[in-house]
Amino acid sequence: SQRFTVGAVFWLTRTTLDNGAVVLIGEDHRLPIAAIAVAFRGGVRVETEQTQGLSNLVSRMLTKGTKKRGASAIAEQVEGLGGAIESFSGRDGFGVALQLLSEDVSVGIELAHEVVPQATFPNEELEIQRELILKELRAQQDEIFDVGSDVFRRTLFTSHPYRFHPLGTAESLNGFSRSDCREFSARWMIPSDM
């Protein structure tokens, strides 16, 4: 473990576990809140023309069902703690983040440990998320800055995966199945990429 001081009141500890996972713990005791983020290497960088948008879909599906419970039970627990859980996916990574009171951090760690390795990618939730993402893509077609950003990205990164839209395309999204999500998570959601 290495410990770094960042400013007068913030400490950062970096530990690499035996399985290759890197754990960063930052401490700032000025507020009684905690944030837990589980991030994996991935995102647009690891996608292809056919798989663009899969990192985003997989990250959204992490909170939509586990071996123990469904999406509504997960949401109820988080809300009962006065917290929030959200997925994220970007150019180089994807995962989930949880915010809650610091007194509930052990419950949050247990929840993160449940949603990440035990996600089941239920078909009915997959269809809901697919439709939501398709609506987001359609809405962005009406936004001049989103359209311009898309053209710029494809022009600048002609052969690099950064040219892909983080949400994917209608064609790629409509082709994804539950098994695609499971295969992607098995490949990228491993400790050495965490």
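On the stretch given as the range 166-189, residues that are open to solvent by less than 80 Å² (accessible area, probe 1.4 Å) and either farther than 17 Å from R41 by Cα or in contact with a Phe, Trp or Tyr (Cβ under 8 Å, 6 or more places away or on another chain) (or both) total 15. Taken over the range 147-188, the criterion of being touching a Leu at 6+ places or on another chain (Cβ under 9 Å) and aliphatic (A, V, I, L, M) is satisfied by L167, A170, L173.
Residue check: is E103 of a type in the set (D, E) and either assigned to a loop (DSSP other than H, G, I, E, B) or under 22 Å from V58 (Cβ atoms) (or both)? Considered against the rule, which asks whether it is of a type in the set (D, E) and either assigned to a loop (DSSP other than H, G, I, E, B) or under 22 Å from V58 (Cβ atoms) (or both), E103 comes out as no. Checked against (1) in a helix (DSSP H, G or I); (2) surrounded by 14 or more Cβ atoms within 10 Å (Cβ to Cβ), V96 passes all but a single condition, namely (1). Out of S102, S89, S72, one residue alone is hydroxyl-bearing (S, T, Y) and under 22 Å from R30 (Cα atoms). It is S102.
Would you check if E125 is touching a residue at least 40 places away in the same chain (Cβ under 8 Å), more than 17 Å from R41 (Cα to Cα) and open to solvent by 20 Å² or more (accessible area, probe 1.4 Å)? So E125 passes the test. Residues in the range 11-44 that are among the hydroxyl-bearing types (S, T, Y) and open to solvent by 50 Å² or more (accessible area, probe 1.4 Å): T16 alone.
The condition (being in contact (Cβ under 8 Å) with a residue 40 or more places away in the chain and over 18 Å from L54 (Cβ atoms)) is satisfied by just one residue among G108, G175, G168: G108. Yes or no: the range 19-39 includes at least one residue that is within 29 Å of N174 (Cβ to Cβ), within 20 Å of the chain's Cα centre (by Cα) and at pLDDT 95 or above. Yes, that holds for at least one residue.
The values are calculated or read from the model by the stated rules, or taken from the named source; none is laboratory data. Please read all numbers here as calculations on a predicted model, not as lab measurements. Using ideal geometry, Cβ is built from the backbone for each residue, glycine included, and neighbour counts are taken over all protein chains shown. Keep in mind that these areas ignore ligands, DNA and RNA; they rest on the heavy atoms of the full protein, side chains included. Shrake-Rupley method; radii C 1.70, N 1.55, O 1.52, S 1.80 Å.
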